[in-house]
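> Quick one: structure below, then a few questions.
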Amino acid sequence: MVRTPAPPGPTVLEEKLLELAGAVPDPELPVVTLAELGVLRGLHLTGPGRVEVELTPTYTGCPAVEAMAADIERVLHDEGMVEVEVRTVLTPAWSTDDITPEGRRKLGESGVAPPRPGARADGPVALTLGPTRRSGTPREAVPPPGSAAAPEPVRCPHCGSADTTLLSRFSSTACKALRRCEACREPFDHFKEL
């Protein structure tokens, strides 16, 4: 019986470099690291002093990818890597499920409501067209009839209340929505589920 050897695991140096690259803060949400955000997908030594890093953006066209890559390159150059190649990997796509529990905790402590667990829809996102201009408060997306129950409400990161209102589907970045807590009246960002 012929046995094929198991693929080798990461080397000690690869683990160290991955830890350093993973500790780089996200340029748009500096309270979380790239590892906590779940966008750092892999790191491989390709030769002496040469390393390849795989990075998945939170969405295609994310403007922060260039800053992330430059920060990773700087950290790894400082560690003695002569050649650092940061590749953008789009499959599998990143989702908010990739944010670690520590990343979610840090987001909440910094005043950004983390994405709700299990709120991401599997499969295509339902699209409902409406008027191009609306008056009043923007409405939340409602699950289509016959679909699973609505996800848990977005909780205020300041007081924990579930009585929050969507003010704008976009906030300081495309990944976040702007909400207001009706209990403490504080505005806050909500990291949207993807």
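To keep it simple, each residue is scored yes or no on (1) among the aliphatic types (A, V, I, L, M); (2) within 28 Å of ARG105 (Cα to Cα); (3) assigned by TED's automatic domain parsing to the domain that holds ALA174.
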position: LEU34; (1), (2), (3): yes, yes, no
position: THR46; (1), (2), (3): no, no, no
position: TYR59; (1), (2), (3): no, yes, no
position: GLY80; (1), (2), (3): no, no, no
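> Return yes or no: is LEU29 in contact with a helix residue (DSSP H, G or I) (Cβ under 9 Å, 6 or more places away or on another chain) and at pLDDT below 95? Give the steps one after another, and end with the answer.
Values: in contact with a helix residue (DSSP H, G or I) (Cβ under 9 Å, 6 or more places away or on another chain): yes; at pLDDT below 95: yes.
Yes.
> Let me ask something additional. Within region 127-136, is there a residue that is at pLDDT below 95 and either β-branched (Val, Ile, Thr) or surrounded by 11 or more Cβ atoms within 10 Å (Cβ to Cβ) (or both)?
yes
> Something else: Checking the conditions here, which among VAL53, VAL82 is hydrophobic (A, V, I, L, M, F, W, C), surrounded by 16 or more Cβ atoms within 10 Å (Cβ to Cβ) and at negative phi?
Unique residue meeting the criteria: VAL53.
> Against the definition (farther than 26 Å from LEU40 by Cα, acidic (Asp, Glu), touching a strand residue (DSSP E or B) at 6+ places or on another chain (Cβ under 9 Å) and at pLDDT below 95), how does GLU152 come out, yes or no? Please lay out each step first, then the result.
On the way: farther than 26 Å from LEU40 by Cα: yes; acidic (Asp, Glu): yes; touching a strand residue (DSSP E or B) at 6+ places or on another chain (Cβ under 9 Å): no; at pLDDT below 95: yes.
Judged against the criteria, GLU152 is not a match.
> Name the single residue that is surrounded by the most Cβ atoms within 10 Å (Cβ to Cβ) among those in region 155-194 being touching a strand residue (DSSP E or B) at 6+ places or on another chain (Cβ under 7 Å), under 23 Å from LYS106 (Cβ atoms) and of a type in the set (Gly, Ala, Ser).
Filtering first and then ranking leaves ALA177.
> If you don't mind, another one. Is it true that GLY61 is in a strand (DSSP E or B) and either exposed (fewer than 13 other Cβ atoms within 10 Å of the Cβ) or out of contact with any helix residue (DSSP H, G or I) (no Cβ under 6 Å at 6 or more places or on another chain) (or both)?
For GLY61, the condition - in a strand (DSSP E or B) and either exposed (fewer than 13 other Cβ atoms within 10 Å of the Cβ) or out of contact with any helix residue (DSSP H, G or I) (no Cβ under 6 Å at 6 or more places or on another chain) (or both) - is not met.
The values are calculated or read from the model by the stated rules, or taken from the named source; none is laboratory data. All values derive from a computational prediction rather than experimental measurement. Neighbour counts run over all protein chains shown; Cβ positions are idealised from the backbone, glycine included.
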